[in-house]
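For reference, the structure is listed below as structure tokens.
The values are calculated or read from the model by the stated rules, or taken from the named source; none is laboratory data. Please read these numbers as outputs of a predicted model, since none were measured by experiment. Cβ placement follows ideal geometry from the backbone for every residue including glycine, while neighbour counts extend to all protein chains displayed. Heavy atoms of the whole protein, side chains included, go into the accessibility calculation; ligands, DNA and RNA do not. Shrake-Rupley method; radii C 1.70, N 1.55, O 1.52, S 1.80 Å.
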Amino acid sequence: MTKKRLKLQRKKEKEKRKAANRKDPRSLTVKRKKGQKFANVEERIKTKLERARIKEAKLVERLKRYEVPKMQGPEVKPHELTGEERFFMKKMAQKKSNYVPIGRRGVFGGVILNMHMHWKKHETVKVICNSSCKPGQVQEFAQEIARLSGGIPIQIIGDDTVIFYRGKNYVQPKVMSPVDTLSKKKALEKSKYEQSLETVRHFIAIAEKELELYFRHNALYGDSNNRNPGSILDGPTRKDLEESGKPVKQNSDLSFNSFPPGLSEIKASATYEDLSGAEDDSKVEDLSLSESDSEDDHLFDLDDEESRDSSSATKTSSSAILGSS
């Protein structure tokens, strides 16, 4: 490849990227000023809300471009299916493996085209929604597909599957993709804008709730910016008393002076409980030591008596031996 062709190829790729970025929902975001600072929390939340509402209005305006006027679909004569026929169609559709997926693009021309291709050989087809399908959205899809394709919805299984019957006198249309549907590319763009709009509305709801909680907190406790940090404590500290010029009581325990009255009382009571607990422990230890000493003395007395008895017995035995000799 020559240099000229390489330059032309890179230029085309760059133009494609720019065109894709213009259609990206992120390009509609209102950028905040660089280095912007806020005086308080209220101002920060209100600025975010304003930017989010501007983006919401832009997304709603952009989604209007993808609206297609609804036209009359293929005229299908109503078929009155008996209970046995309906039961047979359900069982036949469940046994067969042919299905049409619905992804994030939703119902567009490609879905209807695939259904007509399946109906060429099968009487029934399953339409399965992927994980992008919301709960309760299957009924809307069933009505829209029935209008566009002319099929009859027989059964809705769970929150993601619909079984369609093509009809008794089915004839494949010449144009299988309806005119009043979006193409694959435009359906994807629309889904991106819808997803972005849902996210922005969710963010606006959270920000409004946060602002409401902030106003409620200020009504109860006052503005946090005008609050004195020392007001959280029970009373004035030693430093505050010295600055105000009031006399400070001297106390032998310096640790109590560094705390306000409420906290000093709590600390004093805690130290008193610790001392009383230590005294009780010492008394118990003294009693246990005295008891152990008394037991030892008693044992020593018993040993002395036993030794005396044994010595007297030895003396008598020795005297008896000498007398007999």
Handout entry: Average Cα contact separation per residue, segment 83-180, under 8 Å, 6 or more apart, as relative contact order %
Key = 31 percent
Completion exercise
The size of the Cβ-based charge dipole (Lys, Arg +1; Asp, Glu -1) of segment 83-180 about the Cα centre, to the nearest 20 debye, is 340 debye
Fill in the blank from the handout: Heavy-atom accessible area with a 1.4 angstrom probe orders Ser27, Ser97, Ser131, most exposed first, as Ser131, Ser97, Ser27
Exercise for the section: Please work out the average accessible area per residue across segment 83-180, using the 1.4 Å probe convention, and give it in Å². Expected result: 56 Å²
Completion exercise
Lys and Arg at +1, Asp and Glu at -1: neighbours of His116 with Cβ under 12 Å from its Cβ sum to +4
Practice task
Quickly work out the Glu15-to-Gln143 label distance, labels modelled 7 Å from Cα along the C-beta direction, and quote it in nm with one decimal.
Solution key: 4.4 nm
Practice task
Please give, to one decimal in nm, the separation of the simple spin-label points placed at Phe203 and Ser131, each 7 Å out from Cα toward the Cβ.
Solution key: 2.3 nm
Practice task
Bin width 10 Å, alpha-carbon pairs only: give the P(r) of segment 83-180 as whole percents, running from 0 to the bin holding the largest distance.
Solution key: 16, 53, 28, 3
Handout entry: Accessible area in the full protein assembly, largest first, 1.4 Å probe, for Lys16, Lys23
Key = Lys16, Lys23
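Let me make sure I get this right: for segment 125-177, a, b and c are the square roots of the gyration tensor eigenvalues over alpha carbons, sorted descending. Under 1.5 in a/c it's rounded, otherwise prolate if a/b > b/c, else oblate. Which is it? Please report the intermediate quantities before stating the final value.
Working: a/c = 2.55, a/b = 1.86, b/c = 1.37.
In terms of gyration-tensor shape, prolate.
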Handout entry: Ranked order, His122, His217, His116, His202 - accessible area, probe 1.4 Å, largest first
Key = His202, His217, His122, His116
